[in-house]
Amino acid sequence: MQTRDDIFNTLRDALVELFELDPERVSLESNLYQDLEIDSIDAVDLIDHIKRQTGKKIAAEEFKSVRTVSDVVEAVYRLVQPVA
């Protein structure tokens, strides 16, 4: 999971699997809470799933600012990038 496209595809698959969403509903612009109807419990499940996929945990504080699928992709991208 290195490129943003890879992260998006993995994230879309996770959203479809975890929350039984139609893949066509999941786009970079999709709002997690309004468009995809993700609640706070679901967000915790998503954070846990990301941790299992990457081996790294997104801080809950950072996830509070996430609103769209694109925001999650960016947060994961920053998480998996090697420290320079």
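At a glance:
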quantity: Förster radius 22 Å - calculated FRET efficiency between E29 and H49, Cβ distance, rounded to 0.05; calculated: 0.55
quantity: Alpha-carbon centroids, the stretch 47-71 and the stretch 14-29: separation in whole Å; calculated: 16 Å
quantity: For the stretch 58-63, Karplus couplings with θ = phi - 60° (6.51, -1.76, 1.60), whole Hz, Gly/Pro x; calculated: 7, 5, 4, 4, 5, 6
quantity: Positive minus negative residues near R67 (Lys, Arg vs Asp, Glu; Cβ under 13 Å); calculated: -4
quantity: Degrees between helix 69-80 axis and first principal axis of the chain (Cα, 0 to 90, nearest 10); calculated: 20 degrees
quantity: Calculated from backbone phi, Karplus (6.51, -1.76, 1.60) coupling profile of the stretch 21-35 in Hz, x at Gly/Pro; calculated: 8, 6, x, 5, 6, 9, 10, 4, 7, 4, 7, 4, 8, 8, 6
quantity: Long-range HN-HN contacts of T68 with modeled amide H, under 5 Å; calculated: L32
quantity: Label-point separation in nm, D39 to T3, each point 7 Å along Cα→Cβ; calculated: 3.8 nm
quantity: Using alpha-carbon coordinates, inclination of helix 4-19 to the longest axis of the chain, degrees; calculated: 40 degrees
quantity: Per-pair calculated FRET efficiency, R0 = 25 Å: E61 and V16 via Cβ, rounded to 0.05; calculated: 0.40
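A short reminder: the numbers here are calculations on the coordinates, not readings from a lab. The structure displayed is predicted, hence computed values, not measured ones. We place every Cβ from the backbone using ideal geometry, glycine too, and count neighbours over all the protein chains shown.
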